[in-house]
1. Can you tell me how many residues in the stretch 7-41 are of a type in the set (S, T, N, Q), more than 14 Å from ligand 1 (Cβ to nearest atom) and either without any contact (Cβ under 8 Å) to a residue 24 or more places away in the chain or within 16 Å of E340 (Cβ to Cβ) (or both)?
2. Find the residue count for the stretch 1-36, including only residues that are in contact with a helix residue (DSSP H, G or I) (Cβ under 7 Å, 6 or more places away or on another chain), modelled with pLDDT of 95 or more and not aliphatic (A, V, I, L, M).
3. When you scan the stretch 158-173, do you find a residue that is assigned to a loop (DSSP other than H, G, I, E, B), modelled with pLDDT of 95 or more and farther than 24 Å from Y206 by Cβ, even just one?
4. Go through the stretch 194-209 and give me each residue that's away from ligand 1 (no atom under 16 Å from the Cβ) and buried (at least 20 other Cβ atoms within 10 Å of the Cβ).
5. Quickly run through the stretch 52-95 and pick out the residues that are surrounded by fewer than 20 Cβ atoms within 10 Å (Cβ to Cβ), over 24 Å from G218 (Cβ atoms) and within 16 Å of ligand 1 (Cβ to nearest atom).
6. Within the stretch 210-234, take every residue that is more than 16 Å from ligand 2 (Cβ to nearest atom) and either assigned to a strand (DSSP E or B) or not assigned by TED's automatic domain parsing to the domain that holds A247 (or both) and give me the one that is surrounded by the most Cβ atoms within 10 Å (Cβ to Cβ).
7. Just one of the numbered conditions (1) under 30 Å from G110 (Cβ atoms); (2) outside any loop (DSSP other than H, G, I, E, B) is not true of E179; which one?
8. Condition first: of a type in the set (G, A, S) and within 23 Å of the chain's Cα centre (by Cα). Now tell me which residues in the stretch 282-306 satisfy that.
Amino acid sequence: LTNRIAGEGAAAWDIHYRALARQAAGDDITVLSVGDPDFTTPGPIIESAVASLRGGATHYADVQGKLSLRQAIADGYRDQGLEVGPEHVIVMAGAQCGLYAAAQCLLDPGDEVLVPEPSYVTYEAVLRATGAELVQVPLRGEADFRLDPAALEAAITPRTRALLLNSPHNPTGQLIDAETWEAVAELCRRHDLWLISDEVYAELIYEGEHLCPAALPGMAERSVVINSLSKSHAMTGWRLGWVMGPAPLIGHLSHLALCMLYGCPDFIQDAACTALTAPPAELDEMREAYRGRRDAVCEALAESSAVTAIRPPAGMFLMVDIRATGLSSQAFADRLLDEEGISVLSGEAFGPSAAGFVRLSLTVEAERVAAASRRLAAFAERVQSERSAGPRAAS
Ligand code: PMP
Ligand code: GLN
């Protein structure tokens, strides 16, 4: 077996599957360990898929994606000020597939790709599968894990080929602001780098706004934008995403898609087109629900002496600093599941700079996530007091 596919990151969700197994066995578990919306896909999107299937959409679809859908996706970028047409878009089986395919089309063995760390769990495996190297650029918890362009610049070498950025960010919920994007764009232009921009949480913003870096001067020809309907439309299981970029890259991706994917399902593309051209009211309701959950968690943890939440301006996740407990983030997550029936992910699964943090997903309703947060804080305080009692007890 090739060691280009080595399963990096695969263990991150072990605790999540443990939580699901306990839930299936009848235990009362609050699952805050995965970024999968708890909402059902809005009805009109489901109806559109069913109608399309009944209408006979059971055949191969265009490998690059149906023109109607690519046009709808392109229109979304045009609304953001980009000159984008259907020739700049390829439909992929989710953002994950888009990321993988884009990396295959851009990178060669020996290339370096700068990735702020912590970062989404699959990035390492995506890059390694190309033979390129992932170069981690640490983000600092003390700075709320905000991106520092100077740290990016310091990591650039003659082998650097691309930056892989994710805003809003998984796992921290941070948003790259306009000034930082300008600085990043300047780096890309000066060092002739590709910018791979993973924007799957772009519709889930509570404060601030999403900026697509491809809209900045000189960036359209070097930006590869990845997105999907997974989070914004509660459609993780439909596997519908896309890549937007320069037409030659999209042509290259189409060649890869022909030998890899052979096009996404026709009826799902019809439903995606409905989702984008007739946005259901539920989209705003879901965003407001996530906002309410974020606020509920922050409020529940505000008074804690043992943990500190970093209030995220966007996304579906929230990082909690558990360093005062003295436990590693994995030990904290393991004990929280075993003793309190609450599953969260260890920050370390996303990179060493998130050691001492755990990630909570905002994927259960506000009251329940707030109650779980209060129990998490009480658990952390208990660990803390056991720890301070420990040495005295021994002496
Ligand atoms: N990028 C990030 C940052 C993610 O969090 C995820 C999934 N949670 C993906 C990409 C993949 O999304 P999709 O379901 O569209 O493949
Ligand atoms: N991206 C989601 C997360 O970060 C889940 C994806 C998955 O389950 N593989 O939790």
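1. We begin by selecting, within the stretch 7-41, every residue of a type in the set (S, T, N, Q); these are 23, 30, 33, 40-41.
Adding the requirement that they be more than 14 Å from ligand 1 (Cβ to nearest atom) leaves 23, 30, 40.
If we keep only those that are either without any contact (Cβ under 8 Å) to a residue 24 or more places away in the chain or within 16 Å of E340 (Cβ to Cβ) (or both) too, we end up with 23, 30.
Qualifying residue count for the region: 2.
2. 4
3. Our first condition is that a residue be assigned to a loop (DSSP other than H, G, I, E, B); within the stretch 158-173, this holds for 158-159, 167-173.
Restricting the remaining residues to those that are modelled with pLDDT of 95 or more gives 158-159, 167-173.
Adding the requirement that they be farther than 24 Å from Y206 by Cβ leaves 158-159.
Within the stretch 158-173, one or more residues are assigned to a loop (DSSP other than H, G, I, E, B), modelled with pLDDT of 95 or more and farther than 24 Å from Y206 by Cβ.
4. To start, the set of residues in the stretch 194-209 that are away from ligand 1 (no atom under 16 Å from the Cβ) comprises 194, 206-209.
Result: W194, single match.
5. Scanning the stretch 52-95 gives no hits.
6. Taking the stretch 210-234 and keeping what is more than 16 Å from ligand 2 (Cβ to nearest atom), we get 210-225.
From the residues that got through so far, the ones that are either assigned to a strand (DSSP E or B) or not assigned by TED's automatic domain parsing to the domain that holds A247 (or both) too are 223-225.
Values: S223: 23, V224: 25, V225: 27.
Checking each candidate, the answer is V225.
7. Result: E179 fails condition (1) only.
8. So the first thing to find is which residues in the stretch 282-306 are of a type in the set (G, A, S), and the list is 289, 292, 296, 300, 302, 304-306.
Hits for the stretch 282-306 are A289, G292, A296.
The values are calculated or read from the model by the stated rules, or taken from the named source; none is laboratory data. Every value quoted in this text rests on a predicted model; they were computed, and no experiment measured them. Note that we place each Cβ from the backbone using ideal geometry, even for glycine, and neighbour counts take in every protein chain shown.
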